[in-house]
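Working notes, structure below.
The values are calculated or read from the model by the stated rules, or taken from the named source; none is laboratory data. These numbers were taken from a predicted model, which means no experiment stands behind them. Cβ placement follows ideal geometry from the backbone for every residue including glycine, while neighbour counts extend to all protein chains displayed. For the accessible areas, the whole protein counts, side chains as well, though only heavy atoms, and no ligand, DNA or RNA atoms are used. Shrake-Rupley method; radii C 1.70, N 1.55, O 1.52, S 1.80 Å.
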Amino acid sequence: MQSTHIRSRGFIALSAVALTASALIFSGCTSAPADAGGGASGSGEGDEKFVIGFQQPLGGQAWRETGLASLQALAARPEYKDKVELKIVRTSDNDAAQQNAAIQNLIAEGVDAILFDPASATGADAAIAQAEAAGIPVFANGGPYDNDYVYTVSTDWGSAGTIGAEWLLDQLGDDKDVAVLEGLAGVPLNDGSMPGVEEALTAGGATIVARSTNGWNEADAQKNMAQLLQSNPDIAGVYSFLTGGQGIPAAFADAGIPFVPVVGGSGYNGEACSLVEYAPEGLKGNMVFGQPAIYAKGLEQAVLLLEGEDIDQEQYYPPLEITDENAGDYCLPDQPDNFQLGYDFPGLDLTVDEVLEYFQQ
C-alpha cells in the first residue's frame, strides 16, 4: 500500500441551497435522518448516525452495482448498522458535470462524509472545494482523483495494467504481434493506465498490430475482437484492459481460430468460467481486476476517520488475478455470467448471500 501524510480534521456545518438535479436517481439505506443544515450529524452513539454519501457514475454497470451492494452489505453488519446511514446517488453516464452536481446535493443535505467513484480526474473540483469549506471529508473510492484534499481508497490501477502486460509478454514466443483493446476512453483509470500498458508491451518486445476498444462490456469485446480477427487472424496474444476474458475467447472459438494468451479483467463470473471451460482446449488467460468491494473498504475508512482515527490519505490495493490455474476456485456455476466477482475485500469477509441481498441488475 502506498501512502502519504495523514490527515484528520473536525467537521463544521455548511448551509447551502439544494441544487436541482432531475437527472439523478437517489436511493439508500433508511435510518436516522441527517440533521437539517448538515455537518457532523452523528457520533455513532445512541440513535444518531454518521450520514455518508456515495456518488456513483455509470449506474447499472455490474462492477459498480456490485461495489454498492458490498458497501450496503457492510453497512448492514452489526458493527455498522447502528452508526451509519448511506445516501447513494447514481448517475447514468460517466458525466463529470452530473457528478459535481450530485456531490453538491450531498453537501447541501448535510452528510458527514462523501465517497465517489471519479468520473474524471478534476471534474468535481467545485463540489470538493465546497466540501473542504464545510469540513466534510471526501474519498475518491474506486479510481484516482487529482486533488490534495481528497482521500484515495482505490485499486492500484496502474499496477493492474502492467501486471497483465508483463504476464502476456511471458506467454509470447518468437511471435510477439499482439492486439490491444482499451476500455472506455476519457475515464481516468483507462487514460491513466493505457500509456503504461503499451509502454510495457513495446519495451518487452511486443508489436501492437491491431487496436480497438472493449467498452468495458463483454459483448463489445467479443464483437470488436471478431472484427480484428478478420484482418489479423495470426496474432500471438491479446491485451484487453479490464474486460474481455469471456468475450475474446468466444470470438476465437466462433472464428475457429486456436486460442492465444488473453489478458482481460472485468472480474465477471463468465471470465473465470470461460477459463475453466476452454483451458482443456489450450486457453491461457490472466484476468486482472480490482475488487468492486473497494467501495466497502472506503466505507470502513470513512467511518474510522469520522470516529477520530488517523488513516492514510492515499491507499492503493493490489488487483486480483484469475488465471487458467486458479479459475476453478472463482467460477460460480450457479451464478450468471455477469455476476461480478470481487464482491469481498480482504479483512471484510463479505459473503455472496450478503451482497446479493443488495445487488441491483
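Restricting attention to the chain, the count of lysine pairs at 8 or more positions apart or across chains with alpha carbons under 28 Å apart stands at 10. Principal-axis analysis of the Cα atoms of the chain puts helix 188-203 at an angle of about 30° to the longest axis.
Could you sort Lys83, Lys223 by accessible area so the largest value comes first, with the probe set to 1.4 Å?
Working: Lys83 40, Lys223 110 Å².
The most accessible residue leads, giving Lys223, Lys83.
Taking Kirkwood radius over Cα pairs in Å as calculated from this structure, the corresponding entry among [x] 21.5; [y] 26.1; [z] 20.9 is [z].
For the chain, take the longest principal axis of its alpha carbons; what is the angle in degrees between that and the long axis of helix 157-171, to the nearest 10 within 0 to 90? It works out to around 10 degrees.
Rolling a 1.4 Å probe over the protein heavy atoms gives the stretch 93-213 an accessible area of 33 Å² per residue. Tally up the carbon and sulfur contribution to the accessible surface of the chain as a whole percent, 1.4 Å probe, everything protein left in place. Of the solvent-accessible surface of the chain, carbon and sulfur hold 47 percent.
When the solvent-accessible surface of protein heavy atoms is calculated with a 1.4 angstrom probe, in what order do Leu68, Leu184 fall, highest first? Please list the in-between numbers first.
Working: Leu68 0, Leu184 60 Å².
The residues order as Leu184, Leu68, largest area first.
Rolling a 1.4 Å probe across all protein chains gives Asp220 an accessible area of roughly 50 Å². With the convex hull of its Cα atoms as the shape, the stretch 228-325 has an orientation-averaged projected area of 7.5 nm².
Coordinate range of the alpha-carbon atoms in the stretch 80-162 per principal axis, descending: 40, 30, 27 Å.
Run the numbers for Asp170 and Glu325: contour at 0.36 nm per residue of separation, minus the present Cα-Cα distance, in nm. Mind showing how you got there, number by number?
Details: separation 155, 0.36 × 155 = 55.80 nm, distance 1.53 nm.
Result: 54.3 nm gained on full extension.
Report the net charge of residues surrounding Ile208, where surrounding means a beta-carbon distance below 12 angstrom and charges are Lys +1, Arg +1, Asp -1, Glu -1. Please list the in-between numbers first.
Numbers: positive: Lys176, Arg211; negative: Asp177, Glu182, Glu198, Glu199.
Charge balance near Ile208 sits at -2.
Mind checking the angle between helix 62-75 and the chain's longest principal axis? C-alpha axes, 0 to 90 degrees, to the nearest 10. That works out to roughly 40 degrees.
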